[in-house]
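The values are calculated or read from the model by the stated rules, or taken from the named source; none is laboratory data. Keep in mind that this is a model prediction, so the values were computed, not measured. Virtual Cβ from ideal backbone geometry, glycine too; neighbours counted across all protein chains shown. Accessible surface areas use protein heavy atoms only, side chains included; no ligands, DNA or RNA. Shrake-Rupley method; radii C 1.70, N 1.55, O 1.52, S 1.80 Å.
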Amino acid sequence: MYSTFHGLEIGKRAIISQQTALSTTGHNIANANTVGYTRQEAVLKATNPLASPNPNNGTIPMQMGTGVEVSEFRRIRESYLDRQFQNEQQKAGYWESKAGALSNIENVFNELADTGLVSSLNTFWQGLQELSKQPENLSARVVVVANGKELAGQLNEIYTGLEQNETFLADQIQGKTNEINTIASEVAGLNLKIAQNVSGGNQPNDLMDRRDVLLDQLSKLVDIQVTPAQNGRVDVSIGGEKLVEGNNTSTFTLDLQTGGAKIAGTDIVLAGGEIKGLLETKGYTVNGTPVGSIPDLRTKIDLLAVTIADSMNAIHAGDEARNLDDIQARSADPNGPLEKLLFFVDKDNPTQPPSHAGNIMINPVLQQFPSKVAAASSDTIGDGSNAKAMNEALFQKTNIGGTVATIGDFYKGIIGQLGTDVQIAKQSAENAVKMVQQVDNRRQSVSGVSIDEELTNMVRYQQAYNAAARYVSTVNEMLNTLINGMK
């Protein structure tokens, strides 16, 4: 038999439950714009009933309802959409980082501003052309030397720019490596708190939201696999090796020289994320062979610089090459020796030709004495055939690192390929970001807070609360009649 005050207990439970549901709705509304927040629902269920004798048969019990209670605060979230989001996020991180890094490298060549290497090559060619027409003109020689200095300077700047970008990318990679380990430690710490709450019978929904935000951030840095564990924990793996296991973390490391990634000393393969995009652009060494965007560009620019120097030096220091001083000296002694000066030399050893784009420079002797530019191939003072040969060499096809092309075409091929790589990376990044947004929109449709829906719930719970309060008032009047009205 249930108590005379059974009705008050039902009313009390109804008021508390509806109030709790209303508070949950308020919590959702308050966090409508909170990044990573997952809407919650107070799940109501009927409380355990009471047994009472059947008035027709006292041996067969009946069940009397006892009201309602909140059984759980359900977190409305789908793990499938989380996995899909993280998978698309690592693709977006990879292409965005690669597009940004390649765009910065493209700026090093500065071809869009018409002040790049192509412009310097054309100016140098024009200077040689004018010198071939006016070999006795000292000012034409000064122009050729100045143009040669500008050309070498452009090659130096490209080489230095590539080095600076390489250093910048290395710093970025190191910073993101530290970020991965920091996030892993925070996830492990949240795992511990979540497990403590779950084992205590609580539902740490907001802690889980914080952890999911961290996992989303981590998925953009590197490809991750998230698997559920006991008591609400999750394990996080990269390349099959666990970065986070319960409350414990392992250290993620990356060798910038070899590109080798490890977790707790075990080799792993990176499949995506910002770090992979940055690493592929910066470059690394595999079995002694440099691979990556910057090493490839540096190799080609070095080949270009050495080819320019060798082609000019072969003519300028050739057996028939003569400068004004040679011609003047041989007017007195027709068999006098020729100087045979190199046109482009190594900065560190001006007696030798350059070995790469970073150390190419115009011969200091020519800068000091422009008359020593070997424009002639005979002892005639008006002869400009050697300058013409140097001019024509710039347009002759030659073998540059296995590619048969003119110097200008080889360089245009470098720029063209870089431009193509930038466009592909940008387009891929744009597509990947759109996919991330689409998946996130689907995720938000499930997990996000809809103000209209919450306002509807608020009215629904308010009405239920009012009805429960009215019910309690009615039961109270009945008890008042029973206790005080019966005299």
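Residues whose amide H lies under 5 Å from that of T398, counting only those 5 or more places away or on a different chain, are A405, T406; hydrogens are built 1.01 Å from N in the peptide plane. Rounded to the nearest 10 degrees, the inclination of helix 407-447 to the longest alpha-carbon principal axis of the chain is 0 degrees.
If you sort M390, M361, M458, M478 by accessible surface, 1.4 Å probe, largest first, the order is M478, M458, M361, M390.
Between N466 and I451, the simple spin-label model (points 7 angstrom out along Cα→Cβ) gives 2.3 nm.
Put simply, the amide H of L243, placed in the peptide plane, has neighbours under 5 Å in V236, S237, I238, leaving out anything fewer than 5 places away on its chain.
Can you tell me the dipole magnitude for segment 82-179 around its Cα centre, using point charges on the Cβ only (Lys, Arg +1; Asp, Glu -1), in Debye to the nearest 20? Roughly 200 debye, rounded to the nearest 20. Taken along the Cα-to-beta-carbon direction at a fixed 7 Å, the label points for S79 and Q427 span 3.9 nm. Amide H to amide H, with H built 1.01 Å from N, N110 comes under 5 Å of no residue 5 or more places away or on another chain. Between the residues G200, G246, I275, the greatest Cα displacement towards the positive end of the dipole of the chain, with unit charges on the Cβ of Lys, Arg, Asp and Glu, is found for G200. Each Cα pair under 8 Å and six or more residues apart adds its sequence gap; the mean of these over the residue count of segment 197-351 is a relative contact order of 12 percent. Counting 0.36 nm for each residue step from Q438 to T66 and taking away their Cα separation leaves a gain of 129.3 nm. Scalar couplings 3J(HN,Hα) for segment 136-141, obtained by applying the Karplus form with A = 6.51, B = -1.76, C = 1.60 to θ = phi - 60°, are 7, 7, 5, 5, 5, 5 Hz; x denotes Gly and Pro. Once the C-beta distance of E477 and A32 is scaled by a Förster radius of 35 Å, the resulting FRET efficiency is 0.30 to the nearest 0.05. Could you work out the relative contact order of the chain? I mean the mean sequence separation of Cα pairs under 8 Å and 6+ apart, divided by the number of residues, in percent. Relative contact order comes out at 22 percent.
Using a Förster distance of 22 angstrom, determine the FRET efficiency expected from the C-beta separation of T351 and D310, and round it to 0.05.
0.90
Enter the angle in degrees (range 0 to 90, nearest 10) between the Cα long axis of helix 6-30 and the first principal axis of the Cα atoms of the chain, meaning the one along which they spread out most. Result, in degrees: 10. Note on the chain: with neighbouring protein chains present and a 1.4 Å probe, carbon and sulfur make up 51 percent of its accessible heavy-atom surface. In order along segment 212-227, the phi-based Karplus estimate (6.51 cos²θ - 1.76 cosθ + 1.60, θ = phi - 60°) of 3J(HN,Hα) comes to 5, 4, 5, 5, 5, 5, 5, 5, 7, 7, 7, 5, 10, 10, 10, 10 Hz; Gly and Pro are listed as x. Full extension of the chain between N178 and N231 yields a length gain of 16.3 nm, computed as 0.36 nm times the residue separation minus the alpha carbon distance. Accessible surface for the chain, divided over its residues, is 50 Å² per residue with a 1.4 Å probe. Over all Cα atoms in the chain, the spread is summed up by Rg and Dmax: 39.4, 152 Å. Dipole check for segment 266-363: with +1 at the C-beta of Lys and Arg, -1 at the C-beta of Asp and Glu, and the Cα centre as origin, the magnitude is about 240 Debye. The slack between T266 and K397, meaning 0.36 nm per residue of separation minus the straight C-alpha distance, is 42.2 nm.
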